[in-house]
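Trainee: My questions will all concern the structure given below.
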Amino acid sequence: MAEVLREVNLAKKNDYNKILIASLFFISAVIFLLVFSWSTSPIIQFGGYDSSIFKSIGLFTTKGLTPYKDFFDHKGPVIVFVEWLGYGLTKSDYTLLLLQTIFLTFALYGVFKIAKLFLSTKKSVLLALVTLPVCSLIMSGQGGNIVEEWILPFLVWCSYFAVKFFVYKEKEFNYKYSILYGVTLAIAAFSRLTNAIPVLIFGLIIIIYLIKQKAWKNILKNVVAFVVGVLIITIPIIIWFVVNGALREMLYSTFVFNYKYMKARSFVPDIMRILRHAARYLLPLIFAIVLQIAMIVKKKDVWLNVALLIQSVVAITMQVTSALFPHYLYIWVPTIMVTLVLAVKDYGVMKWFVRGYATLLVIVFIGTNFIAFKRYHDFLGNNYKNYVKMCKDIEQHIPDKSKNMVSIGSNPYIYLVTDTVPCYKYFHTQDLHATYDPETKKEWEELLKSKKANYIVVNNMGEYPCYKIIRKDYKLLYRNQYFALLEKR
């Protein structure tokens with residue numbers, strides 16, 4: 001009886017510790033997001049650009065518009081759902097901030113579980129919290145509410161199951177884990193397909209390992225489970241868009257247009273730009289490669305480190321041959337953290353590497369965030385407040401209160417400030433999107449020629465190709481510091 005009571009008390013203590021650790025991660029996530037997620041934080045306010053697009057998507061969906069049919073963006077339907085749930089239903093950043101906090105808490109707990117495979121609870125908690133400064137290196141350049149945030153916990157937990165598998169040298173991979181891999185792939189595919197690459201690399205190495213073990217039956221089980229995971233996400237999405245008559249538009253925007261977009265933005269930039277980008281964002285991954293190679297040479301967790309090395313090389317290659325957007329690196333945070341956990345595990349052998357990596361992270365963290373906050377203070381913060389003021393000023397000068405308008409070349413935050421639904425499908429970055437896809441360009445020009453919009457708000461700061469089309473049909477009604485309001489003749 002005493003033994004049973006002791007086990008019950010121990011179980012209660014373990015449950016209490018889990019709740020305590022989860023609560024610590026939740027509070028840490030809140031503080032982190034209040035400081036670094038500028039586009040959703042009530043403390044440091046900045047509308048953001050991508051975040052404004054995503055919030056607008058959520059708002060339009062709530063107002064009854066059908067994604068991809070009534071409004072266009074090339075992010076997948078998973079992002080539409082998240083923004084509808086997080087912003088569209090309440091029109092509040094607080095709901096979005098709560099969702100971000102929940103997702104980040106799950107990610108932190110996943111890193112904790114990875115570390116706990118090797119280390120004490122105290123060290124595991126500390127390593128999990130190191131995830132936050134690593135995330136800040138990337139998020140500080142974008143301001144939060146980025147696509148990659150919503151896939152991060154899935155990537156972390158997929159990493160956990162891969163680490164557990166390789167470290168314990170199991171002969172079979174639990175097929176239930178493959179369901180999560182399938183779910184993660186589908187969520188990534190219906191947000192931005194490249195977000196699935198870390199999982200695909202783990203999956204490939206696991207399959208090669210199982211082939212080496214000649215575990216054919218287990219491979220089949222995992223393939224079936226993986227497909228089931230994909231279908232869990234895919235079937236509801238397909239059904240919803242079929243019912244709403246927008247399946248073709250969704251598939252075209254999410255996959256065909258995105259392919260053209262990525263192809264158009266793939267290039268090799270000049271070496272100085274790569275070096276500047278590397279100094280600010282890529283150093284943690286570059287040094288992770290050094291750690292991974294060192295551990296492979298010392299025959300420490302070879303299979304796992306090979307997978308991590310492939311991930312790191314692919315991450316850097318993708319980054320320097322694309323538009324160098326730092327938020328693309330967010331999906332590789334689990335790669336960095338798993339590498340760091342493995343290095344700390346073998347601290348006796350990797351002591352100088354770990355110390356060097358820790359020093360590097362501190363230096364990059366301080367430098368990157370100093371630059372980011374200086375940029376915010378010098379430009380974004382004041383401009384944001386003035387931008388909101390100018391948006392409201394434009395709204396007051398639109399005589400028709402139905403606000404039958406569209407904004408061209410402006411931050412889509414104008415739709416949020418004025419609570420306006422654009423009258424054209426293409427509501428932001430229209431000319432840029434048109435350069436990537438002839439079909440989009442043709443449709444955009446036809447919309448402009450239709451003169452459906454009574455009012456067009458254009459950016460005062462630059463010229464856009466479509467201005468040639470609208471100049472003959474629209475006249476200047478009002479102008480302020482940021483915008484020109486055009487009225488149909």
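Trainee: Provide the per-residue ³J(HN,Hα) series for region 85-98, in order, calculated from phi with Karplus coefficients 6.51, -1.76, 1.60 and θ = phi - 60°, each as a whole number of Hz, with x at glycine and proline positions.
Mentor: 6, x, 10, x, 5, 10, 6, 10, 5, 5, 5, 5, 4, 5
Trainee: Still on this structure, I have one more. What number, in percent, do you get for the relative contact order of the chain if the mean sequence gap of Cα pairs under 8 Å and at least 6 apart is divided by its residue count?
Mentor: Computed over the chain, the figure is 17 percent.
Trainee: On to the next question. Roughly how many Å is it from the Cα centre of region 388-428 to that of region 90-124, as a whole number?
Mentor: Here the answer is 37 Å between Cα centres.
Trainee: Taking H as built 1.01 Å from N, whose amide H comes closer than 5 Å to the amide H of residue 408, not counting residues under 5 places away?
Mentor: Placed amide hydrogens put 457, 458, 459 under 5 Å from residue 408.
Trainee: As a test question: what accessible area, to the nearest 10 Å², does residue 249 have when a 1.4 Å probe is rolled over all protein chains in place?
Mentor: 50
Trainee: Hey, what did region 5-138 get for relative contact order, percent, Cα under 8 Å, at least 6 apart?
Mentor: Relative CO of region 5-138 lands at 24 percent.
Trainee: Ordered by residue, what ³J(HN,Hα) values in Hz, to whole numbers, does region 113-129 give under the Karplus form 6.51 cos²θ - 1.76 cosθ + 1.60, where θ = phi - 60° and Gly and Pro are x?
Mentor: Here the 3J(HN,Hα) series is 5, 4, 5, 5, 4, 10, 10, 5, 4, 4, 5, 5, 5, 4, 5, 4, 5 Hz.
Trainee: In the full protein assembly as shown, how much of residue 314 is accessible to a 1.4 Å probe, in Å² to the nearest 10?
Mentor: 40
Trainee: Next question, about the same structure. Using R₀ = 22 Å, calculate the FRET efficiency as 1/(1 + (r/R₀)^6) where r is the Cβ-Cβ separation of residue 223 and residue 439; round to 0.05.
Mentor: Working from the Cβ atoms, E equals 0.05.
Trainee: Oh, and also: Rounded to the nearest Å, what's the spacing between the alpha carbon centres of region 292-309 and region 234-262? Just the number, please.
Mentor: 39
Trainee: With all protein chains present, how much of the accessible area of region 165-260 (probe radius 1.4 Å) comes from carbon and sulfur, to the nearest whole percent? Don't skip to the answer; put the middle values down first.
Mentor: Working: 3600 of 4890 Å².
The nonpolar share, carbon plus sulfur, comes to 74 percent.
Trainee: Continuing with the same structure: Which aspartates and glutamates does residue 475 reach when only Cα atoms under 19 Å apart count, and residues fewer than 8 places away in its own chain are ignored?
Mentor: The qualifying aspartates and glutamates are 393, 395, 400, 445, 463, 487.
Trainee: With a ≥ b ≥ c taken as the square roots of the eigenvalues of the C-alpha gyration tensor of region 172-239, please select rounded if a/c is under 1.5 and otherwise prolate if a/b is larger than b/c or oblate if it is not?
Mentor: Note, shape of region 172-239 comes out oblate.
Trainee: May I have the pair-distance distribution P(r) for region 87-135, computed from all Cα-Cα distances with 5 Å bins from 0 and rounded to whole percent?
Mentor: Taking all Cα pairs of region 87-135, the binned fractions are 5, 22, 22, 16, 12, 9, 7, 5, 2 percent.
Trainee: Quick one: accessible area per residue over the chain, 1.4 Å probe, rounded to a whole number of Å²?
Mentor: Per-residue accessible area for the chain comes out at 45 Å².
Trainee: Classify region 432-489 as rounded, prolate or oblate from the Cα gyration tensor: take a ≥ b ≥ c as the square roots of its eigenvalues, call it rounded if a/c is under 1.5, otherwise prolate when a/b beats b/c and oblate if not. Provide the component values of the computation, followed by the final result.
Mentor: Numbers: a/c = 2.71, a/b = 1.46, b/c = 1.85.
Judged from the Cα gyration tensor, region 432-489 comes out oblate (a/c at least 1.5, b/c at or above a/b).
Trainee: For residue 427, what residues show an amide H to amide H distance below 5 Å, using hydrogens built from the backbone and excluding near sequence neighbours?
Mentor: 72
Trainee: Let me ask something else. Would you grab the residues whose amide H sits under 5 Å from the one on residue 483? Only those 5+ places off in sequence or on another chain, please, with H modelled 1.01 Å from N.
Mentor: Amide H neighbours of residue 483, under 5 Å, 5+ apart: 460.
Trainee: Among the listed pairs 18/75; 75/164; 18/171; 164/217; 169/217, give every one whose C-alpha distance is greater than 26 Å.
Mentor: 18/75; 75/164; 18/171
Trainee: Taking +1 at the Cβ of each Lys and Arg and -1 at the Cβ of each Asp and Glu, which of 142, 386, 251 sits farthest along the dipole of the chain towards its positive end, judged by Cα position relative to the Cα centre?
Mentor: Result: 142, furthest along the dipole toward the positive end.
Trainee: Here's a follow-up. Name the residue farthest towards the positive end of the dipole of the chain from the options 22, 129, 285, assuming +1 on Cβ of Lys and Arg, -1 on Cβ of Asp and Glu, about the Cα centre.
Mentor: Value: 285.
Trainee: From the P(r) of the chain, could you give the percentage of C-alpha pairs in the tail past 38 Å? Mind showing how you got there, number by number?
Mentor: Working: 36047 of 119316 pairs.
When every Cα pair of the chain is considered, 30 percent fall beyond 38 Å.
Trainee: Past 32 Å, Cα to Cα: identify those pairs from 69/392; 214/260; 55/488; 113/263, in the order given. Before the final figure, lay out each step's value.
Mentor: Values: 69/392 28 Å; 214/260 40 Å; 55/488 28 Å; 113/263 38 Å.
Long pairs (Cα-Cα over 32 Å): 214/260; 113/263.
Trainee: How would 157, 216 rank on accessible area, largest to smallest, probe 1.4 Å? Intermediate values should be presented prior to the final figure.
Mentor: Working: 157 55, 216 150 Å².
Result of the area sort, largest leading: 216, 157.
Trainee: Carbon and sulfur atoms: what percent of the 1.4 Å accessible area of region 39-125 do they account for?
Mentor: Carbon and sulfur together cover 63 percent of it.
Trainee: Could you give each residue of region 157-172 its phi-based ³J(HN,Hα) in whole Hz, using Karplus coefficients 6.51, -1.76, 1.60 with θ = phi - 60°, and x for Gly or Pro?
Mentor: 3J(HN,Hα) across region 157-172, in whole Hz: 6, 5, 5, 4, 5, 5, 4, 4, 5, 6, 5, 7, 6, 6, 7, 10.
Trainee: Can you give me the solvent accessible area of residue 72 with a 1.4 Å probe, rounded to the nearest 10 Å²?
Mentor: 10
The values are calculated or read from the model by the stated rules, or taken from the named source; none is laboratory data. Small disclaimer: the values here were computed from a predicted structure and weren't measured. Virtual Cβ from ideal backbone geometry, glycine too; neighbours counted across all protein chains shown. Surface accessibility is based on the protein's heavy atoms, side chains included, excluding ligands, DNA and RNA. Shrake-Rupley method; radii C 1.70, N 1.55, O 1.52, S 1.80 Å.
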